[in-house]
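Following: one structure in C-alpha cells, then a few remarks.
The values are calculated or read from the model by the stated rules, or taken from the named source; none is laboratory data. Here the structure is a predicted model, which is why all the values come from computation and not from measurement. Heads up, the Cβs are rebuilt from the backbone with ideal geometry, glycines too, and the neighbour counts pull from every protein chain shown. Calculation scope for accessible area: heavy atoms of the full protein, side chains included, ligands and nucleic acids excluded. Shrake-Rupley method; radii C 1.70, N 1.55, O 1.52, S 1.80 Å.
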Amino acid sequence: MKTFFRILVSCIIITPWVTSVQAQKFTISGTIKDKKNGETLIGVNVFVKNSTLGVITNPYGFYSLSMAPGKYNIGVSYVGYSNLDTLIDLHSNVSLNIELSERVQTLKEVEVRAKKAQDNVSSNQMSVVALSSKTIKQIPVAFGEVDVLKTLSLLPGVKTSDEGSSAMSVRGGARDQNLILLDEATVYNASHLGNLLSVFNNDAIQNVEFYKGNIPAQYGGRLSSLIDIRMKDGNNKQFEASGGIGTLSSRLTLEAPIKKNKGSFIISGRRAYIDLLTKAIYAMNDSFPKVPYYFFDINMKANYALNSKNRIFLSGYFGKDVFEMTSDDNDYSNDFSWGNYTATARWNFIPSSKVFTNLTLLVSNYNYNFGNEFKYGEDKKVMKFDWKADLVDYSIKYDAGVYTSERNTLKFGFITTYHKFNPGKINNQNDTIKENFTMPRNNALEHAIYLNNEQKVTDRLTVSYGIRYSLYQNIGKASVYKLGSDYQTIDTLHYGKGKIYNHFQSLEPRFMLTYKLSESSSIKAGYNRTSQYMHVASNSSTGSIIDLWIGSGLNIKPQLADLYSVGYFKNLFNDKIEVSVEAYYKDMQNQIEFREFATPQFNERMDEDIRSGKGRAYGIEFFVKKNEGKLTGWMSYTLSRSERKINGIQEKDWFVSSFDRTHDFTLVTMYNLSKRISLSANFLLKSGRPFTTPALRYTYDNAVLPYYPGRNNDRMPLYHRLDLSLTWRGKDKPNRRYHSETVFSVFDVYNQTNPTSIYFKPDENNPNITKAYKQNFLGFMPSVTWNFYF
C-alpha cells in the first residue's frame, strides 16, 4: 500500500519535470469551441498542412502541438463545421483559442464520427466509434425514444440478448463486462422499463465514445468494452431551450450562460407518463387496466472558467423507475423502484502549454427496493415484506496529458475507489411476528495507476504502449463463508472494521500500432489485458430489472481477459466510403456462471451457487460506411463464436455462451429527401440466441422432471426486424430561433414478433407431452414524437 501511494505522488510531481525538459521547442495550444453556443468540441483535428503532424482535441476541447521555430499553416477540421486555416509564425509559445462555425448546407449530412476524413485510416485507434447526439437521434427505435445503447447495438461485434433489450454483449463478453461512464462516473444499471430503454437522455448528451476493444490504459475494471458518455456543458452565449413530446415520455432541456463566454449550465429532464395515460383512459373506461409505472431522468451540469488556466465543472444525474400499486380497498399495496444517481466535480488545470491535468471527485449510487403489504382476515392482520439494497462508490481520480513533442503524447494518472456493497436488508412481518434478514455486507478499495505513451515513429508507423496496475482490497467489517471443495460452507470467518483481509492485483499491458500502407489505407494491430473485480450476480443472461452487484473476494476471483486484434482499413472514392475488416481473439479466465436454479437475490450463502471457469471468443467483423451525400449510413456483418468451460457445469466440454450469435448482419440507412424531410431505416438479421432445452423427461416421486443434456444446447429461431422513421422539419425562416420537427417511427414494420424466451410445460390436453412455448413481448409498434428548439 505504501508503494502504491508513492507512485501516486510521483505521478503528480512528474508533470512540471516533463514540461521543463522540452523547453527547446515552442508550442501552439488552446481550446476549440462551437461558435454558436460555446460548447467545447471533442476530437477536432488540428494539423500542420503539407505534413503528417497533427493532434486531436481531448474530452475538454484542449489541444497542444509542439514544433521547432518557423512559419506554419495550421489547419482545423471537424465534421459538420467549416474548415479553418491560419498562418502562425512560431518563435514563442502561442495560445490560440478557436471557435468553429457550423457548415451551412442545403442538405444536412449525418455525423457518424466527429473526426476528419481519413481519421479511421491514420488514427492509432481500432475498434473505436465516436457518435454525436445528432447521429443517435436519427436511428429509429422502440416507442420513438432516442437511445444511446440501442444505437451502439447496431455496430459490428455488439449483440443484444433479447428483443428490445439494452443488455449488451461485446465480442462475446457478458453483459456486466461493459464499463458505462457518464461524465466519468460509473452507471451500474443503465436501463429503464425492464431493459427496453437506456437511462441516457439524448438531449443532454454531447458525445459518446465506444471502445469494443483496445481500451486506453486510463480506463479499466471491465473486460469487454468502454462506453464513455459526456454531457453537454450548456450554452455560454445565450439562453436556449429544447424538448419533445413523445408516445412514451416528454423532455425539456434548458441551457444558459452563468456569465457570457465564462461559464454556463444545463438542466435536462425526462419523464414517462404510462401511469398518467392509463389512469386517464381508466377514468373513461374502467375495463382498461391502470399501469402504475413511470420513470424519470434529471441531468444537471455547470462549468465556469476561473481564468485561462483553470476551469471547474459540476455535473450530476438522478434517475429512477417507480412502480406503485394500491388496491381499491387499500388491503394490498406494492412498491417497487430502482435507480441511479451520480455526481462529478472536476478541476481542469493547464500548468503550461504542453500539459493538461484533470482532478475529479466522483460519487455513484445504484439502489433498488421492493416492498408489499397485505391485510387479511376480519381483524385486518398485516403481512409485510420490504427489501432494500444499494451499491455506493466514492472515487478520486487524477489524469495528466503531456504533449512532450510533435510526435509524442504522454498520459498518466491514478484512480482510487471505495466500494460499499449492501446486497439487501429484508424486513418480513406476519401479524405480530417479525423477521429481519440482512445479506452479508462488505466493502472494498479499488486502486489503479497507469502510464501510456503514443509515439509517431515515422510518417507511416504510429505506436501506443502503456501499462495499468490495479489493486483490489477487501475490507472489514465482514463475515465470509469459507467453502470446501464441494462448494459447501465449512466455516465462517469474521473480520473487524477496517481490516484488509484479502487482496488481488494485476498488471495490464496495452499495445497498439498503425502502419499506413498509403494515404487511404492502413493495417492496425493491438493487444489488451484487462481485469474485472466487480460482477453481476444473476443467472439471467438477458438482464433483470434489478441487478445485484458483488465484489471479488475469498470465493470469487477477478475476471481476466487477453484480447488480440488486427484490422485492415481502407477509404474509397475520396473518403466518401470507409471499409474495414477486423479479426479478434479473446481469452478469458475466471468467468462466472451460476448453477441451475440458483436464486442469488435472496441467498445469504450465494457463494455456494457460483461456479467459475474459462471463456473464449473469436470472430471477424466487416464494416462499410458512407459518409456523404443524400444517402448515408453503414452496413456490417459479424461472424463470431463465444464459448465457456465452467467447473461444475459441463466442465469437460466447451459450450456456447448465452451471448453467442454466430451470424449478425445490420443495415442502417439515412436518406435526405429534401431540406425538410428525411428517412431512416434499420434492418437486422442474426442467429437466434442459445437456450437450454430438455432432451428427456422422467418421473420421480410422482413428479415429472426434465433432463437437460447440456447448457445452451439449442437456439431460438432466426432473428430479423425492420424499423423505419420519417422526420418532417418545420419551415426555417431567416433570423428565426424557433424551429420544430415531427418524427414518425415504426418498430418491427412487418410484425415479426421475435421471441424473448422459450419455456417448456406439459401440454394442456395431454400432460404426458411436454411442449415448447414462445414468449413474445414486442412487435409492430408505431410512435410519433414532436421536438422543438428555441
*Which members of the range 349-365 meet the condition of being assigned to a strand (DSSP E or B) and either closer than 19 Å to Thr27 by Cα or touching a Pro at 6+ places or on another chain (Cβ under 7 Å) (or both)?*
Phe349, Ile350, Pro351, Ser352, Val355, Phe356, Thr357
*Take the residues in the range 557-584 that are within 19 Å of Thr530 (Cβ to Cβ) and not in a strand (DSSP E or B), then tell me which one is least open to solvent (accessible area, probe 1.4 Å).*
Pro558
*Do we have any residue at all in the range 680-699 that's at pLDDT 85 or above and basic (Lys, Arg)?*
yes
*Return yes or no: is Thr669 part of a strand (DSSP E or B), at negative phi and without any contact (Cβ under 8 Å) to a residue 12 or more places away in the chain?*
no
*Look at Lys260 and say whether it is open to solvent by 10 Å² or more (accessible area, probe 1.4 Å), basic (Lys, Arg) and over 24 Å from the mean Cα position of the chain (by Cα).*
yes
*Scan the range 496-515 and give yes if some residue there is surrounded by fewer than 16 Cβ atoms within 10 Å (Cβ to Cβ), in contact (Cβ under 8 Å) with a residue 40 or more places away in the chain and outside any strand (DSSP E or B), otherwise no.*
no
*asked:* Checking the structure you have, find out if any residue of the range 653-660 is modelled with pLDDT of 90 or more, open to solvent by 10 Å² or more (accessible area, probe 1.4 Å), farther than 26 Å from Leu223 by Cβ and out of contact with any Lys or Arg (no Cβ under 6 Å at 6 or more places or on another chain).
replied: no
*Consider Thr632 against the criteria (1) open to solvent by 10 Å² or more (accessible area, probe 1.4 Å); (2) more than 24 Å from Thr514 (Cβ to Cβ); (3) of a type in the set (Ser, Thr, Tyr): it satisfies all of them except one. Which criterion is unmet?*
(1)
*Considering each residue of the range 672-715, count those that are under 20 Å from Val170 (Cα atoms) and either without any contact (Cβ under 8 Å) to a residue 24 or more places away in the chain or open to solvent by less than 70 Å² (accessible area, probe 1.4 Å) (or both), and give that number.*
11
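Filter the range 528-538 down to the residues that are in contact (Cβ under 8 Å) with a residue 60 or more places away in the chain, in a strand (DSSP E or B) and either open to solvent by 30 Å² or more (accessible area, probe 1.4 Å) or not hydroxyl-bearing (Ser, Thr, Tyr) (or both) and list them by number.
Taking the range 528-538 as the starting set, the residues that turn out to be in contact (Cβ under 8 Å) with a residue 60 or more places away in the chain are 528, 530-538.
Checking the rest, the ones that are also in a strand (DSSP E or B) come to 528, 530-532, 534-536.
Selection gives Asn528, Gln532, Met534, His535, Val536.
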*Is it the case that the range 464-474 has a residue that's open to solvent by less than 20 Å² (accessible area, probe 1.4 Å), β-branched (Val, Ile, Thr) and at pLDDT 90 or above?*
no
_Test for Asn330: is it of a type in the set (S, T, N, Q), more than 23 Å from Gln218 (Cα to Cα) and outside any strand (DSSP E or B)_ = yes
_From Ile490, Ile546, Ile550, residue being surrounded by 18 or more Cβ atoms within 10 Å (Cβ to Cβ), modelled with pLDDT under 95 and in a strand (DSSP E or B)_ = Ile550
*asked:* Would you confirm whether or not the range 613-634 contains a residue that is free of Cβ contacts under 8 Å to residues at least 40 places away in the same chain, within 17 Å of Arg171 (Cβ to Cβ) and out of contact with any helix residue (DSSP H, G or I) (no Cβ under 9 Å at 6 or more places or on another chain)?
replied: yes
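For the range 697-790, which fully contained strands (runs of 3 or more DSSP E) count at least 2 residues that are under 37 Å from the mean Cα position of the chain (by Cα)?
Values: elements: 703-707, 719-729, 739-747, 755-762, 770-776, 781-789.
Of the strands (runs of 3 or more DSSP E) lying wholly inside the range 697-790, those with at least 2 residues that are under 37 Å from the mean Cα position of the chain (by Cα) span 719-729, 739-747, 755-762, 770-776, 781-789.
Is it the case, given these coordinates, that Asn58 is modelled with pLDDT of 85 or more and in a loop (DSSP other than H, G, I, E, B)? Give the steps one after another, and end with the answer.
Numbers: modelled with pLDDT of 85 or more: yes; in a loop (DSSP other than H, G, I, E, B): yes.
Judged against the criteria, Asn58 is a match.
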*asked:* Exactly one condition in (1) open to solvent by 40 Å² or more (accessible area, probe 1.4 Å); (2) closer than 20 Å to Phe665 by Cα; (3) of a type in the set (S, T, N, Q) is false for Asn735; which is it?
replied: (2)
*Starting from residues that are touching a residue at least 60 places away in the same chain (Cβ under 8 Å) and not acidic (Asp, Glu), keep the ones in the range 294-314 and report whichever is most open to solvent (accessible area, probe 1.4 Å).*
Ser308
*If you check every pair at least six apart or on different chains, which have Cβ atoms under 7 Å apart with a residue in the range 61-72 that is without any contact (Cβ under 8 Å) to a residue 60 or more places away in the chain and buried (at least 18 other Cβ atoms within 10 Å of the Cβ) first and a residue that is in a strand (DSSP E or B) and among the hydroxyl-bearing types (Ser, Thr, Tyr) second?*
Gly61/Thr31; Gly61/Thr40; Tyr63/Ser29
*Could you grab the pairs with beta carbons closer than 6 Å, sequence gap of 6+ or different chains, first residue in the range 235-246 and more than 18 Å from Gly263 (Cβ to Cβ), second one part of a loop (DSSP other than H, G, I, E, B)?*
Ala241/Phe790
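Residue-by-condition table, conditions (1) closer than 26 Å to Asn443 by Cα; (2) at pLDDT 90 or above; (3) within 32 Å of the chain's Cα centre (by Cα); (4) in a strand (DSSP E or B):
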residue: Asn299; (1), (2), (3), (4): no, yes, yes, yes
residue: Ile312; (1), (2), (3), (4): no, yes, yes, yes
residue: Ala345; (1), (2), (3), (4): yes, yes, yes, yes
residue: Asn367; (1), (2), (3), (4): yes, yes, yes, yes
residue: Val382; (1), (2), (3), (4): no, no, no, yes
residue: Lys388; (1), (2), (3), (4): yes, no, yes, yes
*Single condition Ser250 does not satisfy, out of (1) open to solvent by 10 Å² or more (accessible area, probe 1.4 Å); (2) of a type in the set (Gly, Ala, Ser); (3) farther than 30 Å from Met325 by Cβ*: (3)
